[in-house]
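The values are calculated or read from the model by the stated rules, or taken from the named source; none is laboratory data. The structure displayed is predicted, hence computed values, not measured ones. Ideal geometry is used to build each Cβ from the backbone, glycine not excepted, and the neighbour counts take in all protein chains shown.
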Amino acid sequence: MNILLVYKKSTYQIYFRERGLTAEVAGFLPEDMRRLQESDTAHRESLAAVEAAIRERDLPFRSVYRARLTNYAPHDIVIAVGGDGTFFEAARPVTNQILFGVNSDPARSVGHYCRATDSTVGAYLDAIATGRAHITKLSRLAASIDDGPTVHVTNDILFSHRVPAALTKYELSIDDHCEIHRGSGLWVSTPSGSTGAIAAAGGTVLPMDSTAFHYRPRELSMLRNAHYQFLGGVISDGGVLRLTSLLREGMIYCDGSHQRMPLSLRQTIAIQQSSLPLRVILGIDA
């Protein structure tokens, strides 16, 4: 078992400890600073506990900050320490590795995919070693712009104008039918991501083990008595959604705001089910 440990840095670490920001300059109240410091302490203690659990079992590992992701090839286990944002970033380069997340601050951090904590990570490592870990295959999206490199997406993809307040115009193609949309953009989601933003936009929640994916336009313009066929739906395994930007400043956001790709005028992104599902541990046998 060769482990890659991917961790985040807290807001306090980045802005106050590393960049020298002060509470006075930031305009933070004492209560704000207290919360940031408590979260920073919880995260650092959790990261130390995870590393200690790995060392106790004499397992080879390497730690890397999530913004400096590196070669995954030598590793067969990836551990993401943080919250779901760190989990998504750690998942991006994963091919055949097993991934699990450790919620480093359960009191303040969302951790839908991060089921382990600093007190249970040892049990997760032991379960992997003894075959008692529950490995779930999560369907991912494969996205490529103009037949370029493929990006694998765990949760969802958003296309919109670079400036959110601006009108987003694009051509959507599904099953050889095309239509032009004007609105705020388009969500495309995996089954596991369908409980998030796309659901809030009125989309359908898919079973986690589904091999389909879901799309949903955002706030379509109904000016000039516009009629749309593609109001949202489920695309089965093998189907391809193609979106052609009709903007000079279009933007693709993958699994949140950290990974983004410009999609300029007449560039096309093709989205389909990935052939590399994500193997994750969401629980262990007692």
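Would you be able to say whether some residue in region 92-102 is in a loop (DSSP other than H, G, I, E, B), farther than 28 Å from residue 206 by Cβ and not assigned by TED's automatic domain parsing to the domain that holds residue 150? First the steps, then the outcome.
Residues of region 92-102 in a loop (DSSP other than H, G, I, E, B): 92-97.
Now restrict to residues that are farther than 28 Å from residue 206 by Cβ: none.
No, region 92-102 contains no residue that is in a loop (DSSP other than H, G, I, E, B), farther than 28 Å from residue 206 by Cβ and not assigned by TED's automatic domain parsing to the domain that holds residue 150.
Would you confirm, using the coordinates I've provided, whether residue 173 is among the hydroxyl-bearing types (Ser, Thr, Tyr), touching a Lys or Arg at 6+ places or on another chain (Cβ under 8 Å) and either without any contact (Cβ under 8 Å) to a residue 40 or more places away in the chain or more than 18 Å from residue 259 (Cα to Cα) (or both)? Show your work before the answer.
Values: among the hydroxyl-bearing types (Ser, Thr, Tyr): yes; touching a Lys or Arg at 6+ places or on another chain (Cβ under 8 Å): yes; either without any contact (Cβ under 8 Å) to a residue 40 or more places away in the chain or more than 18 Å from residue 259 (Cα to Cα) (or both): yes.
Spelling it out, residue 173 is indeed among the hydroxyl-bearing types (Ser, Thr, Tyr), touching a Lys or Arg at 6+ places or on another chain (Cβ under 8 Å) and either without any contact (Cβ under 8 Å) to a residue 40 or more places away in the chain or more than 18 Å from residue 259 (Cα to Cα) (or both).
Only one residue in 25, 50 is within 25 Å of residue 107 (Cα to Cα) and assigned by TED's automatic domain parsing to the domain that holds residue 109, so which one is that?
50
For region 112-143, what are the residues that are surrounded by 22 or more Cβ atoms within 10 Å (Cβ to Cβ), aliphatic (A, V, I, L, M) and under 22 Å from residue 212 (Cα atoms)?
Answer for region 112-143, where residues must be surrounded by 22 or more Cβ atoms within 10 Å (Cβ to Cβ), aliphatic (A, V, I, L, M) and under 22 Å from residue 212 (Cα atoms): 141, 143.
Restricting attention to region 53-67, which residues are assigned to a helix (DSSP H, G or I) and exposed (fewer than 13 other Cβ atoms within 10 Å of the Cβ)? Spell out how you get there, then give the answer.
From region 53-67, those assigned to a helix (DSSP H, G or I) are 53-56, 66-67; that's our starting set.
Of everything in region 53-67, those that are assigned to a helix (DSSP H, G or I) and exposed (fewer than 13 other Cβ atoms within 10 Å of the Cβ) turn out to be 55, 56, 67.
Taking interchain pairs and intrachain pairs at least six residues apart, which have beta carbon atoms under 6 angstrom, with the first residue in region 204-218 and over 18 Å from residue 271 (Cα atoms) and the second of a type outside the set (Lys, Arg) and surrounded by fewer than 22 Cβ atoms within 10 Å (Cβ to Cβ)?
Short answer, once both residue conditions are applied: 205/195; 205/199; 208/191.
Being acidic (Asp, Glu) and buried (at least 19 other Cβ atoms within 10 Å of the Cβ) is the filter here; which residues of region 144-164 pass it?
Just the residues of region 144-164 that are acidic (Asp, Glu), to begin with: 146-147, 156.
Residue satisfying the conditions is 156 alone.
Could you identify the single residue in 45, 89 that is touching a His at 6+ places or on another chain (Cβ under 7 Å) and either of a type outside the set (D, E, K, R) or in a helix (DSSP H, G or I) (or both)? Outline the logic, then answer.
Working: 45 fails: touching a His at 6+ places or on another chain (Cβ under 7 Å).
Criteria check complete, one pass: 89.
Here are 250, 283: which of them is over 18 Å from residue 193 (Cα atoms), in contact with a His (Cβ under 6 Å, 6 or more places away or on another chain) and touching a residue at least 40 places away in the same chain (Cβ under 8 Å)? Walk me through how you get there before you give the answer.
Values: 250 fails: in contact with a His (Cβ under 6 Å, 6 or more places away or on another chain).
Of 250, 283, the one residue that is over 18 Å from residue 193 (Cα atoms), in contact with a His (Cβ under 6 Å, 6 or more places away or on another chain) and touching a residue at least 40 places away in the same chain (Cβ under 8 Å) is 283.
In region 196-218, how many residues are surrounded by fewer than 17 Cβ atoms within 10 Å (Cβ to Cβ) and among the hydroxyl-bearing types (Ser, Thr, Tyr)?
Looking only at that region, the number is 2.
For residues in region 239-259 being exposed (fewer than 15 other Cβ atoms within 10 Å of the Cβ) and at pLDDT below 95, which is farthest from residue 89 (Cα to Cα)?
So, considering only residues that are exposed (fewer than 15 other Cβ atoms within 10 Å of the Cβ) and at pLDDT below 95, the one farthest from residue 89 (Cα to Cα) is 257.
Hey, can you tell me all the residues within region 209-225 that are in contact with a strand residue (DSSP E or B) (Cβ under 7 Å, 6 or more places away or on another chain) and not in a strand (DSSP E or B)? Even if it seems obvious, please write down each step before you answer.
Taking region 209-225 first, the residues in contact with a strand residue (DSSP E or B) (Cβ under 7 Å, 6 or more places away or on another chain) are 211-221.
Hits for region 209-225 are 211, 212, 219, 220, 221.
Among the numbered criteria (1) of a type in the set (Gly, Ala, Ser); (2) surrounded by 13 or more Cβ atoms within 10 Å (Cβ to Cβ); (3) within 29 Å of residue 85 (Cβ to Cβ), which one does residue 221 miss?
With (1) of a type in the set (Gly, Ala, Ser); (2) surrounded by 13 or more Cβ atoms within 10 Å (Cβ to Cβ); (3) within 29 Å of residue 85 (Cβ to Cβ) applied to residue 221, the lone miss is (3).
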